[in-house]
Amino acid sequence: MQGEKNYNEAIKYYKQALTIFHQQNDQVNIGITTLNLANNYAAMGNHKVSFELLQDALNAFSKSNFTRGIQIFYNNLGALQMRQLKYNEALPYLHKSLEIIKNSSNKAGLALVEQNIGFCHTKMGNLTEAEEWFEKAETSAKKYKSEISVYLEIDKHRATLDSAKGDYYHALIRKSLHNKIKDSLLNEKLNKQVIELQTKYETDNQPKRCR
């Protein structure tokens, strides 16, 4: 499948980039690259490796005191629990991520965390609370000009809430729109990652000419 091929290609070049960042002792980029590796393994269903990589990412972010990275770590750790249907276990991590964002000037990840919390409450049967969190997420997405991928996540998870409420008409509309746009964006994003990583790796490993 094209999607799996792209994940494997991305993993290959992330590992090569990680080698370079370790040589440079660049803890911020070690953390970011490791986090992206973890996301790719999670998407492929390898939760054990993803969890281990997330811990490595947190270690790098802590060494470099990179607060934004730590915030993303907690959101991604919560999302990993969600992938395993452990919604109650996911919530403390998501709320920790939320706490860091609220104490930061960078609100870029706020909507994403809020909608993840909303989805957990949906799956736990707390439908009124879930709707409140989705409304917060939509407000935050607009206020802080989130990327279209964030709106897609909100729509996907709100579709689940619509279904839980018995509103199958709006659930179908949300799911159809989400799937149509998601496939296009996913392949575009992964292809871009592979090209960027390949270019960086080849550039960093070119023989240095003597002057």
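Yes or no: ILE72 free of Cβ contacts under 8 Å to residues at least 40 places away in the same chain, surrounded by 19 or more Cβ atoms within 10 Å (Cβ to Cβ), more than 23 Å from LEU91 (Cα to Cα) and touching a helix residue (DSSP H, G or I) at 6+ places or on another chain (Cβ under 8 Å)? Answer is no for this residue. Does ALA111 meet the test of being assigned to a helix (DSSP H, G or I) and closer than 13 Å to HIS157 by Cα? It is true that ALA111 is assigned to a helix (DSSP H, G or I) and closer than 13 Å to HIS157 by Cα.
Scanning the stretch 19-55 for residues that are farther than 24 Å from TYR93 by Cβ and touching a residue at least 12 places away in the same chain (Cβ under 8 Å) returns ILE20, PHE21. Just give me the residues in the stretch 28-55 being more than 21 Å from ILE101 (Cα to Cα) and out of contact with any Leu (no Cβ under 7 Å at 6 or more places or on another chain), in sequence order. Scanning the stretch 28-55 gives ASN40, ALA43, MET44, GLY45, ASN46, LYS48, VAL49, GLU52. The residue of the stretch 143-160 that is least open to solvent (accessible area, probe 1.4 Å), among those that are basic (Lys, Arg) and over 15 Å from ASN106 (Cα atoms), is ARG158. Of the residues in the stretch 105-114, at least one is within 18 Å of LYS136 (Cα to Cα), open to solvent by 50 Å² or more (accessible area, probe 1.4 Å), touching a residue at least 24 places away in the same chain (Cβ under 8 Å) and under 14 Å from the mean Cα position of the chain (by Cα). For PHE61, are the conditions met, namely being of a type in the set (Phe, Trp, Tyr), under 17 Å from the mean Cα position of the chain (by Cα) and open to solvent by less than 20 Å² (accessible area, probe 1.4 Å)? Criteria met by PHE61. A search for C-beta distances below 8 Å between a residue of the stretch 85-100 that is at positive phi and of a type outside the set (Val, Ile, Thr) and any residue that is assigned to a helix (DSSP H, G or I) and surrounded by fewer than 20 Cβ atoms within 10 Å (Cβ to Cβ), counting only pairs 6+ apart in sequence or on different chains, returns LEU85/LYS123.
The values are calculated or read from the model by the stated rules, or taken from the named source; none is laboratory data. Just so we're clear, the structure is a prediction, and the values are computed from it rather than from any experiment. Using ideal geometry, Cβ is built from the backbone for each residue, glycine included, and neighbour counts are taken over all protein chains shown. Note: accessible area is taken over every heavy atom of the protein model, side chains too, but ligands, DNA and RNA are not part of it. Shrake-Rupley method; radii C 1.70, N 1.55, O 1.52, S 1.80 Å.
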